[in-house]
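J.: Below you'll find the structure I mean.
The values are calculated or read from the model by the stated rules, or taken from the named source; none is laboratory data. Just so it is clear, the structure is predicted and the values come from calculations on it, not from any experiment. No Cβ is skipped: glycine too gets one built from the backbone with ideal geometry, and neighbour counts run over all protein chains shown. In case anyone asks, the SASA skips ligands and DNA or RNA and just uses the protein heavy atoms, side chains included. Shrake-Rupley method; radii C 1.70, N 1.55, O 1.52, S 1.80 Å.
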Amino acid sequence: MKLDPAARASLLARYKSRIQRGQLSLRDQYLSSYDHDPGRLLYERCRLIDEALRDLWTELRLPDSLALCAVGGYGRGELWPASDVDLLLLLPDDPDPAHTERLERLVGLFWDIGLQIGHSVRTVEDCLREAEGDLTIQTALVEARLIVGDYALFSRMASEFRKRLDPRAFYHTKRIEQEERHGRESPSNLEPNCKDGPGGLRDLQTILWIAQVAGYGNGWRDLKRHGFITYLEEQGLARRERFLQELRILLHYHAGRHEDRLLFDYQTTLAGQMGFSDKPTRRASEQLMQEYYRITKTVVQLNTILLQNMGAAIFPLPEHEPKPINERFQNAHQLLDVTHERVFAEHPAAIMEAFLLMCQHPELKGITARTIRLLWRARQLIDDDFRQNPINKERFIEIFRQPRGVLHGLRRMNELDILGRYLPKFGAIVGQMQHDLFHVYTVDQHILEVLRNLRRFSDIDFTHEYPFCSQLISEFDKPWLLYVAALFHDIGKGRGGGHAELGAFDAQEFCDEHGLAEEETELVVWLVRNHLVMSNVAQKQDIADSDVAAAFTRAAKDERHLTALYLLTVADIRGTGPKVWNSWKGQLLEGLYNQTRRFLIAGGQAPAQGIIMERKEEALHLMLFHGIHESAHERLWNQLDTVYFLRHSAEEIAWHTRALHYRIDAGEPVVRARINPQGDGIEVMVYTQDQRDLFARIVGFFSQAGYNILDARIHTTRHGYALDSFIMLDVTGRDSDRSMISYVEHELKECLLRQGPPERPAQRRVSRQVKHFPIQPQVSIEKDEKGAQFVLSVSASDRPGLLYAVASVLASHGVSLHTAKIMTLGERVEDTFLISGGNLADAQNRVKLETELLNQLQS
């Protein structure tokens, strides 16, 4: 086997060229063909490497006593474009040092001819010993096949390995492995892993691994022969496997490396290669991903059904007389079970009954494998006649009314494709992506997350999370109406036009068809139509403005509608993704709710003077508690207008006054910072003689310090001082707000004293989602309701320095800023500013300012 340098170089060049040419030829044929055949490509890639390895083995004259085996995916006959070539060098006994050196040179040759190999060198005894208790090795050896060498040696290893393999232990360990793997990724992750994610190729392979070890064959046809699946299910599994195989092959070729995540960077190109094209309301990538989510959702369900059914065969339960529930269902080992195989075929209405029974019988811990399989197959029975059946309508509504099991029931219905068939409009949004830069779930998953949040409000085990919401929902009559509204609130997405209005129309139709009372229907439809209103008012508008407060009070109608909208809004925002909700938004919404409730009690009017008096009295009480003289506030408060007292809580007014009552005419800036008493982040107060570019200077400083501004309230006193307050969140992950307080107080004061040019924000990388799915920036400037000032609205993809860019443009135009509402929704911002000055009354000046802002946001 030892080669001189010239012979070795020649051999390497020949085999390296042969493999490269073969792989390029297979790639070019595959990409240029109209009808891709992924299974054929994977097989041909295996054959190419098999033949090269056999020829190399023969040419090197390796001992006849050795065996070269393919394991893992390569052993299965699936060699992906960027996957490793998994090899096992099987030895008859332990090698001596000389033999070990020769084997090391052989492995080196495999690498040198261009193969990315994963290899092991073992004796038969090594294989058997190391496979014990090691699931990875067991799985690799299950698919082992001989490439070249001693057939008897390989057969002995395979035979002994099979004898020692315990199907029950293998099944149990594989199930645990799958659960752990699924736990690492959400089923609706917008950048899913097409191999290891829920419903990916690994879920299909897990089915076949267990089937192979249990003796049920190694393909879908074998499972059909053993009665686990029907012919149609066999064909469906093969189609879905083919889709996932094609997607992974194209992903490997496009990425040029081993990459199984469908990153935003690749989705558009892959969509084109898979035959999708842009439509007026849907990107090609959105169509591809919706198809992907639907396929993986089905794979997850079939995986669940097949593993449960194989588990029932591998672990047969002891004979136990089931307890009858009714003539169609029974309790078998605390699982809901059908009384016979034709229950759903003979009584289609039993489909909806099954889910209702699960809610009504807390002793039932799940559904038997055969019943799940029959429910899955019975989904085909859901047609217009089924939907119009009064019994089915009544049972579906009754599910919402149940004190327990509502969320699990609807989730199970969605998993089994029953919910989407019963409500076709819901079926249309299953798997639909939302490239709005803040939803991290598909539409159907988001809807179920909102429903989950509402259910948690009413669960005594979760009252500590949102005690105010738990209190409100416990006093709310017919909370099930909120669940119906949640089901429809986003159902209109993806059709073009306003989804709230489309959803309201669908909700009205649903409520009418399902016999809801007039007042019940009105509340559900109103909630769906207005589900965005409270969030927009709280986060975008100045609720201290009496006109804004009065308008929202009129829209809220009464306390019942207000409470329902508040609960749905909190559940909705929390259900968009982990980065969207924060305590500051919770504070805004709760403040708006409490203020509006007071106005409703007062007859719908906004008693501004009454509120101001209450806040002043409470602030005085707080200051006395801190030992501040009862008249110490007068000089400061005389310089403040009504708007200041409306926009700040009594606690904030007291904090400002304690810091400033003896510094009314301070010659240098006063900066105070503290942990935000209402939630996350820090609160900063700045008091200084007004100066040019003040807001831009402060924004630049905060950005350099690693903080995002959530809220800014800008005031100018009667004697020309700026009194500004900010709520901010750390975006650096330091988790050091308390230690940053003294830094902010000192360094911001120095920055304001210097009055130098505003600091440009530190550059940070734009997220991939913003890069690949940016939103078109929008800017509008309109007069406020009183006509005295202007409202600037900005919507754009979030990026470092965005607020600084806005502040700089406003300063360059001589525009004064009064309030800033900063709403960050994941990777998207929707900011609202109350501005004046800069000759904004002139329409041409407004257009010029809008144009310059747009240019900044697009740069």
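J.: Give me the net charge of I229's neighbourhood, meaning all other residues with Cβ under 14 Å from the Cβ of I229; Lys, Arg count +1, Asp, Glu -1.
T.: Overall, the nearby charge balance is +4.
J.: A follow-up question, please. When you count, for each residue, the other Cβ atoms within 10 Å and take the mean per peptide, how do 378-384, 201-207, 46-52 rank with the highest first? If you can, show how the numbers build up before the last one.
T.: Numbers: 378-384: 14.9, 201-207: 21.9, 46-52: 18.1.
Per-residue mean Cβ counts within 10 Å order the peptides as 201-207, 46-52, 378-384.
J.: To the nearest 10 degrees, how steeply does helix 5-32 sit against the main Cα axis of the chain, on a 0 to 90 scale?
T.: The answer is roughly 60 degrees.
J.: Related question: For the chain, which whole-number percentage of the solvent-accessible area (1.4 Å probe, protein heavy atoms only) is attributable to carbon and sulfur atoms?
T.: Using a 1.4 Å probe with all protein chains present, the chain comes out at 48 percent carbon and sulfur.
J.: Can you pull the one-decimal nm distance between simple spin-label points at L753 and D384, each 7 Å off the Cα toward Cβ?
T.: The two pseudo-label positions are separated by 8.0 nm.
J.: A follow-up question, please. Under the definition of Cα pairs under 8 Å and six or more residues apart, what whole-number percent is the relative contact order of segment 236-333? Can you show the working numbers first?
T.: Working: 52 pairs, mean separation 14.8, N = 98.
RCO, segment 236-333: 15 percent.
J.: Next up: Residue by residue through segment 492-500, what is 3J(HN,Hα) from phi via Karplus (6.51 cos²θ - 1.76 cosθ + 1.60, θ = phi - 60°)? Round to whole Hz and write x for glycine and proline.
T.: With coefficients 6.51, -1.76 and 1.60, one gets x, 6, x, 9, x, x, x, 5, 5 Hz.
J.: Please list, in chain and number order, the residues 5+ apart from G838 or on another chain whose amide H is under 5 Å from its amide H, with Hs placed from the backbone.
T.: Residues meeting the amide H criterion: S816.
J.: Using amide H atoms built 1.01 Å from N in the peptide plane, name the residues 5+ places from Q789, or on other chains, whose amide H lies under 5 Å from its own.
T.: D784
J.: Taking only protein heavy atoms into account and a 1.4 Å probe, give the accessible area per residue of the chain in Å².
T.: 44
J.: Distance in nm between label sites at R239 and K279, each 7 Å beyond Cα in the beta-carbon direction?
T.: Using points 7 Å along Cα→Cβ, the separation is 1.8 nm.
J.: Under the Karplus relation 6.51 cos²θ - 1.76 cosθ + 1.60, θ = phi - 60°, what is the ordered set of whole-Hz ³J(HN,Hα) values for segment 543-553, x standing for Gly and Pro?
T.: 6, 6, 6, 4, 5, 5, 4, 5, 5, 5, 4
J.: Related question: Charges at C-beta only: +1 for Lys and Arg, -1 for Asp and Glu. How large is the resulting dipole of segment 1-105 about its Cα centre, in Debye rounded to 20? Could the numbers behind the result be given before it?
T.: On the way: 15 positive and 18 negative charges, 98 e Å.
Dipole about the Cα centre, nearest 20: 460 debye.
J.: 5 Å is the cut-off here: which amide hydrogens, built 1.01 Å from N in the peptide plane, fall below it relative to D150, excluding neighbours closer than 5 in sequence?
T.: L66, A67, L68
J.: If you average the C-alpha positions of segment 298-354 and of segment 644-721 separately, how far apart do those two centres end up, in angstrom?
T.: A separation of 64 Å, based on Cα centres.
J.: Pull out the extension gain between H621 and T463, defined as 0.36 nm times the separation in residues minus the alpha carbon to alpha carbon distance; nm, one decimal. It would help to have the intermediate numbers written out before the result.
T.: Working: separation 158, 0.36 × 158 = 56.88 nm, distance 3.16 nm.
Contour length minus Cα-Cα distance gives 53.7 nm.
J.: Still on this structure, I have one more. Pulled fully out, how much extra length does the chain show between R342 and E782, if you take 0.36 nm times their separation in residues and subtract their Cα-Cα distance?
T.: Numbers: separation 440, 0.36 × 440 = 158.40 nm, distance 6.53 nm.
Full extension of this stretch gives 151.9 nm more.
J.: Taking the 0 to 90 degree range and rounding to the nearest ten, how far is the long axis of helix 802-812 tilted relative to the main principal axis of the chain, both from C-alpha atoms?
T.: Around 30 degrees separate the two axes.
J.: Separate question: Could you sort out which of K425/K821; K279/K393; K478/K557 sit more than 24 Å apart by Cα distance in this structure? Before the final figure, lay out each step's value.
T.: Details: K425/K821 35 Å; K279/K393 35 Å; K478/K557 18 Å.
Where the Cα-Cα span goes over 24 Å, the pairs concerned are K425/K821; K279/K393.
J.: So how much slack lies between R401 and Y231, counting 0.36 nm per residue of separation and subtracting their Cα-Cα distance, in nm? Write down the numbers at each step before the final one.
T.: Working: separation 170, 0.36 × 170 = 61.20 nm, distance 3.89 nm.
This chain segment gains 57.3 nm when fully extended.
J.: Using only Cα atoms, tell me the angle between helix 201-214 and the longest principal axis of the chain; keep it within 0 to 90° and round to the nearest 10.
T.: 40
J.: Could I ask something else about it? Under a cut-off of 16 Å between alpha-carbon atoms, report the lysines in cross-link reach of K365, not counting same-chain residues fewer than 8 places apart.
T.: Reachable lysines: K323.
J.: Next question, about the same structure. Please compute the modelled spin-label separation between Q360 and D4, points set 7 Å along Cα→Cβ, answer in nm with one decimal.
T.: With each label placed 7 Å out from Cα toward Cβ, I get 9.0 nm.
J.: To the nearest 20 Debye, how big is the dipole of the chain about its Cα centre, given +1 on the beta carbon of each Lys and Arg and -1 on that of each Asp and Glu?
T.: So the dipole magnitude of the chain works out to roughly 1420 debye.
J.: Grab the beta carbon distance between E130 and H254, set R0 = 41 Å, and tell me the FRET efficiency rounded to 0.05.
T.: It comes to 0.65.
J.: Another one. Mind listing the phi-derived Karplus ³J(HN,Hα) values for segment 413-425, rounded to whole Hz, using 6.51, -1.76 and 1.60 with θ = phi - 60°, and x for any glycine or proline?
T.: With coefficients 6.51, -1.76 and 1.60, one gets 5, 5, 4, 8, 6, 8, 4, x, 7, 6, 10, x, 5 Hz.
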